[in-house]
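**Q** A single structure is presented below for examination.
Throughout, read-outs are computed from the coordinates displayed, never taken from laboratory work. Remember, predicted model here, so these are calculated numbers, not experimental data. Here the Cβ positions follow ideal geometry from the backbone for every residue, glycine too, while neighbour counts run over all protein chains shown.
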Amino acid sequence: MEAPISIVPKTPNSAPLINRKWPEDGGTRIPAWVYSDSDIFNKEMDLFFSGRTWNYVGLACEVPEPGCFKRNWIGTKPVILVRGENDEFYVLENRCAHRGAQVCWKNTGQVKDFTCPYHQWNFALDGTLQGIPFKRGVLGKGGMPADFDPKKHGMRRLRSVNRGGSIWATFAEDAPSFEDYCGPEALAEIDLVMPGKPLKLLGYQRQVINSNWKTYLENLKDPYHATLLHSFYITFGLWRADSVSSNTPTVGGMHSVMTSTNSGKKVTEATAEMARFNDGLTMLDAETVTPRREFNNSRVGGVTLFPSAVLGIQANSLKTRHLIPISPTKHALVFTYYGYEDDDEEMSRLRLKHSNLIGPGGFVSMDDSEMLTQLQNGLSGYPESVGVIEMGGKGVEPVDYMVSEVLIRAFYKFYREMMGL
Ligand code: FES
Ligand SMILES: [Fe+2]
């Protein structure tokens with residue numbers, strides 16, 4: 001595993017000092033207070049979401065024409081993704097340069113410019129301030145001072161990149177390049193599912209989960225649970241302990257790549273330990289769990305790109321998952337389903353149909369949100385307790401088997417270094 005890229009700001013930020021001590025045997029232990037402490041949460045928001053990281057904002061196909069916008073959040077900060085007059089993309093802070101009101105209140109739409117509802121300051125699509133009501137006062141009285149420079153009071157534009165139709169942004173001018181930040185393994189996974197051909201938006205699912213944002217991040221780095229908790233995965237061979245698989249922490253544990261292979265329904269030696277394997281369970285509509293073979297050759301899974309994005313494929317469902325922390329014990333999760341413009345109608349239908357496995361009511365994913373809510377109760381109630389992550393050993397090197405907590409160990413190694421814990 002390569003040395004981590006430092007995402008710690010070069011100038012000290014306002015984050016509070018953390019007065020906590022990580023438990024003994026640190027590499028294989030997680031203190032429960034990381035999931036509920038508000039000082040920890042505030043430092044994470046500063047360091048990870050507002051720091052030298054790249055954050056997922058949306059897909060180019062969500063804003064198909066000039067003036068089309070999408071509202072989103074990077075951590076707890078509201079932002080807007082908008083397509084400009086010349087098809088360029090801007091990511092703006094969704095914050096008025098006057099007094100800070102949220103300018104855009106809708107999730108999506110198309111506009112010629114943005115007008116803040118409070119005192120109606122008006123901004124161009126690139127954030128430039130272009131109009132102030134009563135700028136010259138009323139009846140010759142009042143107005144803005146002569147030395148007020150509109151050029152210095154636009155909506156702040158973030159540094160952003162477009163990779164294969166996915167848009168990413170950073171608050172830090174001195175963040176590493178997107179490519180360096182991702183590293184070759186994560187970049188290859190993005191390029192696999194977004195190879196540069198036009199994407200087609202298929203739909204969204206959103207939910208709020210009453211647990212710390214890291215519980216979801218860990219859930220996606222935890223193939224151990226996937227083979228035990230999810231009846232659907234196990235029974236229909238979509239994700240099983242005995243499938244060809246890989247778990248690879250990358251860039252010092254910051255990101256990870258987790259893959260498996262759809263193997264179909266079968267009984268093997270391993271099914272004996274999978275309490276939720278149900279040989280008697282059949283689907284009247286088998287298509288729901290039967291992918292059509294395509295570019296991925298039955299290889300499923302994908303990349304978790306720190307801090308908040310997951311890209312990948314399950315059956316024929318292509319999606320991004322975006323994690324939006326709300327408070328120490330609450331986060332939102334947005335699934336954006338997409339396909340390719342050159343998909344045939346049958347494939348578009350299958351991509352949507354297989355989204356039934358994922359999302360808030362998904363045959364698979366609904367297990368996770370319920371589980372994480374229950375997990376948070378155990379964590380918040382006992383903040384001094386300690387979790388154990390020793391499945392598959394104590395190391396952080398990549399493994400080619402499923403039943404392992406290596407990605408979580410590698411993540412916390414990175415996390416502790418960055419947080420100074
Ligand atoms: S806060 Fe936006 S115009 Fe006053
Ligand atoms: Fe899961």
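**Q** Given a cut-off of under 8 Å on Cα pairs at least six residues apart, what relative contact order in percent is computed for region 56-161?
**A** Contact order relative to length: 22 percent.
**Q** Let me ask something else about it. Positive end of the charge dipole of the chain (Lys, Arg +1 and Asp, Glu -1 on Cβ, about the Cα centre): tell me which of 412, 31, 64 has its Cα farthest that way.
**A** About the Cα centre, the residue reaching furthest to the positive side is 64.
**Q** Kindly express, to the nearest 10 degrees and within the range 0 to 90, the angle between helix 178-193's C-alpha long axis and the longest C-alpha principal axis of the chain.
**A** Computed tilt is about 60 degrees.
**Q** For 225, 230, which order do you get if you count the other beta carbons within 10 Å of each Cβ and list the fewest first?
**A** On the way: 225 15, 230 25.
Least to most surrounded, the residues fall as 225, 230.
**Q** On a 0 to 90 degree scale, rounded to 10, what angle separates helix 406-419 from the longest Cα axis of the chain?
**A** 30
**Q** Among the Cys residues of the chain, which have no other cysteine Cβ under 4.7 angstrom away?
**A** 61, 68, 104, 182
**Q** Then there is this: Just need the relative contact order of region 155-264 here, percent rounded to a whole number, with Cα pairs under 8 Å and 6+ apart. Before the final figure, lay out the partial values.
**A** Working: 100 pairs, mean separation 22.4, N = 110.
About 20 percent, as a whole number.
**Q** With angles folded into 0 to 90 degrees, how steeply does helix 345-354 sit against the dominant principal axis of the chain? Use alpha carbons for both and round to 10.
**A** Approximately 80 degrees, to the nearest 10.
**Q** Taking a threshold of 26 Å on the Cα-Cα distance, which of the pairs 112/197; 221/330; 43/319 fall above it?
**A** Details: 112/197 28 Å; 221/330 19 Å; 43/319 29 Å.
Over 26 Å Cα-Cα: 112/197; 43/319.
**Q** Using Cβ contacts closer than 10 Å as the measure, can you line up 294, 341 from fewest to most?
**A** Details: 294 15, 341 9.
Least crowded to most crowded, the residues run 341, 294.
**Q** Which of 369, 246, 385, 308 has the fewest other C-beta atoms within 10 Å, and how do the rest follow up to the most? Write out the running numbers ahead of the final one.
**A** Details: 369 21, 246 17, 385 13, 308 25.
Listed from fewest to most nearby Cβ atoms, that is 385, 246, 369, 308.
**Q** Can you tell me the relative contact order of the chain? Whole percent, Cα pairs under 8 Å, sequence separation 6 or more.
**A** Numbers: 887 pairs, mean separation 87.8, N = 421.
Relative contact order of the chain: 21 percent.
**Q** A follow-up question, please. For region 200-358, just the Cα set please: Rg and Dmax, both in angstrom.
**A** Here Rg and the maximum Cα pair distance are 15.9, 45 Å.
**Q** Local charge sum around residue 24 (other residues, Cβ-Cβ under 15 Å, Lys/Arg +1, Asp/Glu -1)? Please report the intermediate quantities before stating the final value.
**A** Values: positive: 20, 21, 29, 394, 416; negative: 25, 384, 390.
Neighbour charge sum, excluding residue 24 itself: +2.
**Q** Take region 275-421, drop everything but the C-alpha atoms, weight them equally and run the Debye formula without solvent; then report log10 I(q)/I(0) at 0.10, 0.17 Å⁻¹ to two decimals.
**A** For the requested q values the scattering log ratios are -0.48, -1.28.
**Q** Ok, one more. State to the nearest 20 debye the size of the charge dipole of the chain about its Cα centre, where the only charges are +1 on K and R beta carbons and -1 on D and E beta carbons.
**A** Dipole of the chain, to the nearest 20 debye: 1520 debye.
**Q** Further question on the same structure: Tally Lys and Arg at +1 and Asp and Glu at -1 over the other residues with C-beta under 12 Å from the C-beta of residue 168: what net charge comes out? Before the final figure, lay out the partial values.
**A** On the way: positive: 159, 163; negative: 179.
Taking every other residue near residue 168 into account, the sum is +1.
**Q** Which value, to two decimals, describes the C-alpha radius of gyration of region 56-161 once divided by 2.2 N^0.38 Å? Walk me through the numbers on the way to the answer.
**A** Numbers: Rg = 14.5 Å, N = 106, 2.2 N^0.38 = 12.9 Å.
Rounded to two decimals, the normalised Rg is 1.12.
**Q** Give me the percent of Cα-Cα pairs in the chain that sit more than 38 Å apart, rounded to a whole number. Could the numbers behind the result be given before it?
**A** Numbers: 21398 of 88410 pairs.
So the portion of pairs separated by more than 38 Å is 24 percent.
**Q** If Lys and Arg each add +1 and Asp and Glu each add -1, what is the summed charge of the other residues whose beta carbon sits under 13 Å from the beta carbon of residue 395?
**A** Around residue 395, the surrounding residues sum to 0.
**Q** Could you please state, rounded to a whole Å, how far the C-alpha centre of region 61-87 is from the C-alpha centre of region 202-244?
**A** Cα centres, region 61-87 to region 202-244: 29 Å.
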